[in-house]
Structure formats: C-alpha cells, structure tokens
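Heads up, the thing below is written out as structure tokens.
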Amino acid sequence: MATVLNIFSSIRLPNNMTRRPTPPPIYLSLPRRRLVIRAAETDANEVAKAPAQEKAPLAGGSSFNQILGIKGAKQETDIWKIRVQLTKPVTWPPLVWGVVCGAAASGNFHWTVDDVAKSLVCMMMSGPCLTGYTQVITQIWVLLLGGLGLAYILDVWAGHDFPIIFYLAIGGSLVSYIYSAPPLKLKQNGWSGNFALGASYISLPWWAGQALFGTLTPDIIVLTLLYSIAGLGIGIVNDFKSVEGDRALGLQSIPVAFGAETAKWICVGAIDITQISVASYLLGASKPYYALALLGLILPQVFFQFKYFLKDPVKYDVKYQASAQPFMVLGLLVTALATSH
C-alpha cells in the first residue's frame, strides 16, 4: 500500500550490482574480492566483523547522515545503528506525506486520538516497514511481515469487510519485487521503472490513507496514477547522476536512452504537464480556487527548472530538488483537500 510506494523509492532486492553508485559510507573500504557492494546485499553482522581499519570513522562524517542513510555519513560499528541506516530513513517522508494526503482526501479524518493513532500506524507500515524492507536482505522478512501485519491490523481497526489495506500492501510489495528482480526487472527500462517509483511514492500511500479513513474511488485512483507521471519525472532527475553506471549495466534509463538534452525536457514535461492536467481536472470539477492554488504552486517549480535543472541536471540536482519539490508536495495536499469536498 502506501508503504509499497517506499518499496519503489529504493527497491534494492537481490541484484548483481547497485544502480545508484551511492553506497553507505560503511562500505567505502572494499575488500579486493568484491568490486561492488550494495546495502541491500550487505549483512550488518558482516560489517560489524570487518577489520578495524575498515570500521574507522570517515573524516568529517556525520552521525546524522549515517542514521538517515545518505552520503556524508560517518562509519559506524553499532549493529542497530547500521540496521537503521540500511533501511534508509531518508526515503520514508514521501510515503508519510502520501498517507497524510490520502487521509485528507477521505474527508473523514478527525483530530482524535483514535484517528491520529491509525495514521501513525499506517505511516509506520508505509515507511519503516514496507519501504525499509526493500533496502536490506538481513531484515527483509521481519520488515515485510511486520508491514503486512500492520496492514491487516489497520483493516480490522477500520472495520473493513474487505481487507483493502492488506491487499494494497501485498500489491505494493510485489511491485517492489518485480522492480528489481528478473524476469521483469522494471528498473531496466526508464519508463516502467520510474513510473513504478512514482506510483509507489504518490499513489500507493495515498490509497492506503484514503482507504483507512474513507472510500477509495475509481476517480481518485485515476487521478493519483496521473500524478504518478510527475513522480516519473522526479525519477529521471535522479537518473542523471548514474548515467555511466546505468549504461555499463545495460539499464535503459531515460538519459541513457534519449541523451541528456532530450531527457531534461522529458523530465520537466512529465512534471509540469501532469500538474497542469490535474489543475484542469479540478477546474472542470468546479474547484476553481484549488485549481488556481495548484497553478500558483507550479510557477515556482518552472522557475527553478530553468534556474537549475535545465542548466545542468547533474551539478544542480540537489539545489533543484530542494527548491522545487516542496511546491509539488504542497500541490499534492491541495489536490487532496480539493477532492475531499
């Protein structure tokens, strides 16, 4: 379900090589017998047993970055800190936000202890459990089964006759598997792989949140899948950082398949046209103020696309995402609120 989305964000089930050349710092000192080591294939216990010289903290490494599972992290020897790092907490917020949007779109969320508790459990299922499960092999069964268990509990808690959240969680987990695993291995193709990521970050958590507090309707399913095309565009932003690695591995990302210049415009087109289409839908649904608010949030995104991304998608990718994507995130909430009335 929503968690399932997480699954896509960094699905790293067993593979030959990692797609993104950004392994946690705990693997910087590589044994000669292995040229590539992925977080998904590394056991925390193995890390703890590594030679002392391989566990020395990196100069200037950050403990905060280590916990989040991002670059610039300090090397760590504590098994539990390593286990948390391998689940990449930095990938959880989009899923959590998706649950928030789904709950808002239901029109039936109330600031009561019961509803807040349900939301928190749904966020736990989507982020730490189902997103974290895609990151590491050692903890995969604990996190996967834990996430599915929480999904079932949410269905019972919400009084569902049909366990929709449980089945969303199963479906999301399956999508995350075929993203990385043969024979389908969606990430080999830039279109299918990035759309799967977009759907996981936007559609699935939204569906889970809305199903928890209200009714998941066909029009919402279509609308959120449309929004997932914008997620595809965001996935392309990240593809620019790994063009050489993707080409070497035979992965047909959009930049590899079409070249950097064409890929830049495919990326911004997917992001902008999708949001304009959603604004048009809201206008046609007699939600003019929400439509105008969404259009207002698109304008700064276009500005930052020209200021950063279209100039140099590799050099300015972090600045672009930090400056433009918050407006898209707010646009998701605007859309959710519009559909709740």
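A short reminder: the numbers here are calculations on the coordinates, not readings from a lab. Note that the structure is predicted; figures quoted are calculated from it, not measured. We place every Cβ from the backbone using ideal geometry, glycine too, and count neighbours over all the protein chains shown.
Using only the Cα atoms of region 104-216, build the gyration tensor, take square roots of its eigenvalues as a ≥ b ≥ c, and label the shape rounded, prolate or oblate: rounded if a/c is under 1.5, else prolate if a/b is larger than b/c, else oblate. Judged from the Cα gyration tensor, region 104-216 comes out prolate (a/c at least 1.5, a/b above b/c). The mean sequence distance of close C-alpha pairs (under 8 Å, at least 6 residues apart), as a share of the length of region 217-272, puts its relative contact order at 44 percent. Note on Leu292 and Leu333: the extension gain reaches 13.4 nm, defined as 0.36 nm multiplied by sequence separation minus the Cα-Cα distance. Separation of the alpha carbons by more than 22 angstrom is noted, of Lys88/Lys187; Lys241/Lys264; Lys187/Lys315; Lys88/Lys264, for Lys187/Lys315; Lys88/Lys264. Ordering of 248-257, 171-180 by packing is 171-180, 248-257, highest average first (other Cβ atoms within 10 Å, averaged per residue). How big, in percent, is the set of alpha carbon pairs in region 186-341 lying more than 22 Å apart? Within region 186-341, distances greater than 22 Å cover 42 percent of Cα pairs. What does the charge count near Ile236 come to, summing +1 for each Lys or Arg and -1 for each Asp or Glu among other residues with Cβ under 12 Å from its Cβ? Net local charge, Ile236 excluded: -1.
Counting only Cβ charges, +1 for Lys and Arg and -1 for Asp and Glu, the dipole size of region 174-304 around its Cα centre is about 120 debye.
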